[in-house]
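**Student:** Starting off with a structure, shown below.
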Amino acid sequence: MRKNIVAGNWKMNMDLEKGLLIFNEIQQLIKEEVKGNQEVIICPPYIHLSSLSQLVDSGTNLSIGAQNCHQADSGAFTGEVSASIIASTGASYVIIGHSERRLYFSESNSLLAQKLDSVLENGMAPIFCIGETLEQRNNETYFEVIKEQITEASFHLQATDYSKLILAYEPVWAIGTGLTASPEQAQEIHSFIRNLLADKYDQDLANNMTILYGGSCNPKNASELFAKSDIDGGLIGGASLKARDFVDIIKALN
Ligand code: 13P
């Protein structure tokens, strides 16, 4: 059965003290809210991963994820963090291919393919992000762009591995801009992605894939987005930094 997920990407925000505070608040507030096939994921900066993992109450559908990883397992890569190190903190997810990584750190589809492998080899699930820029939206190449991102970075995976992935459609023009994709625009892409998966793998895998929407998702627009048949939750940036807003988005899953 397809999982519904709301994940918070804190990006480069929150010192440890604030992070612990908001994490505890979220955990308290969602106790009664998160049902069987729903999950909440919090992706803090690397250095909070271990502290937050230790605070997760057993029996809650709350998990911790990282925002990136290096593709190698270990070695002389000063300042980098590998998937095996992330796994050792208790985290179970890693965001891969966020548009900010693609843009500011020149991450290519072929590099992202290696990162996806590394996350899976270390027993975690990638949250793999794809999405077009404003220019690509305006010149109507966005279907090709998304197809290329998915094909080049992830279609080397076997179906058993692919079924562990979570996909996140994040149009770059909607991230941090207040310009949310309309539910119809997002649904069109989510359904396109599901069809790509059905063609490459099979209909069952495609039906069971969780596909999140990200980009200026907030408590006001979340319900309408999540009501669409191929939108299975959200990857939330700005609104995940306030416990109440984040929890209101989680409630929109119901
Ligand atoms: P915003 O919700 O701030 O637009 O960010 C979305 C995002 O990039 C989540 O990964």
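**Student:** Could you grab me the full set of residues in the stretch 36-83 that are touching a residue at least 60 places away in the same chain (Cβ under 8 Å) and either surrounded by fewer than 19 Cβ atoms within 10 Å (Cβ to Cβ) or out of contact with any strand residue (DSSP E or B) (no Cβ under 7 Å at 6 or more places or on another chain) (or both)?
**Tutor:** The one that is touching a residue at least 60 places away in the same chain (Cβ under 8 Å) and either surrounded by fewer than 19 Cβ atoms within 10 Å (Cβ to Cβ) or out of contact with any strand residue (DSSP E or B) (no Cβ under 7 Å at 6 or more places or on another chain) (or both): 38.
**Student:** Go through 157, 196 for me and flag whichever is open to solvent by less than 50 Å² (accessible area, probe 1.4 Å), out of contact with any Pro (no Cβ under 8 Å at 6 or more places or on another chain) and not in a helix (DSSP H, G or I). Working first, answer last.
**Tutor:** Values: 196 fails: not in a helix (DSSP H, G or I).
Being open to solvent by less than 50 Å² (accessible area, probe 1.4 Å), out of contact with any Pro (no Cβ under 8 Å at 6 or more places or on another chain) and not in a helix (DSSP H, G or I) holds for just one of 157, 196, which is 157.
**Student:** For the stretch 109-121, does any single residue satisfy the condition of being within 22 Å of residue 63 (Cα to Cα) and open to solvent by 40 Å² or more (accessible area, probe 1.4 Å)?
**Tutor:** yes
**Student:** Inside the stretch 203-254, can you point out the residues that are within 15 Å of the ligand (Cβ to nearest atom), open to solvent by 20 Å² or more (accessible area, probe 1.4 Å) and either farther than 18 Å from residue 98 by Cβ or basic (Lys, Arg) (or both)?
**Tutor:** Passing the criteria: 218, 219, 220, 221, 226, 242, 245, 248.
**Student:** Residues being open to solvent by less than 20 Å² (accessible area, probe 1.4 Å) and out of contact with any Gly (no Cβ under 6 Å at 6 or more places or on another chain): count how many of those fall in the stretch 122-144.
**Tutor:** Count: 7.
**Student:** Just wondering, is there one or more residues in the stretch 11-20 that are part of a loop (DSSP other than H, G, I, E, B), modelled with pLDDT under 95 and away from the ligand (no atom under 16 Å from the Cβ)? Spell out the reasoning first.
**Tutor:** Step one: filter the stretch 11-20 for residues part of a loop (DSSP other than H, G, I, E, B), giving 11-15.
Narrowing further to those that are modelled with pLDDT under 95: none.
Scanning the stretch 11-20 turns up no residue that is part of a loop (DSSP other than H, G, I, E, B), modelled with pLDDT under 95 and away from the ligand (no atom under 16 Å from the Cβ).
**Student:** Among residues belonging to the stretch 160-196 that are touching an Asp or Glu at 6+ places or on another chain (Cβ under 7 Å) and not β-branched (Val, Ile, Thr), point out the one that is farthest from residue 220 (Cα to Cα).
**Tutor:** 194
The values are calculated or read from the model by the stated rules, or taken from the named source; none is laboratory data. Worth saying up front: this structure is predicted, and the values here are computed from it rather than measured. Every residue, glycine as well, gets a Cβ built from its backbone with ideal geometry; the counts of neighbours run over all protein chains shown. Accessible surface is based on the protein model in full, side chains and every heavy atom, while ligands, DNA and RNA are left aside. Shrake-Rupley method; radii C 1.70, N 1.55, O 1.52, S 1.80 Å.
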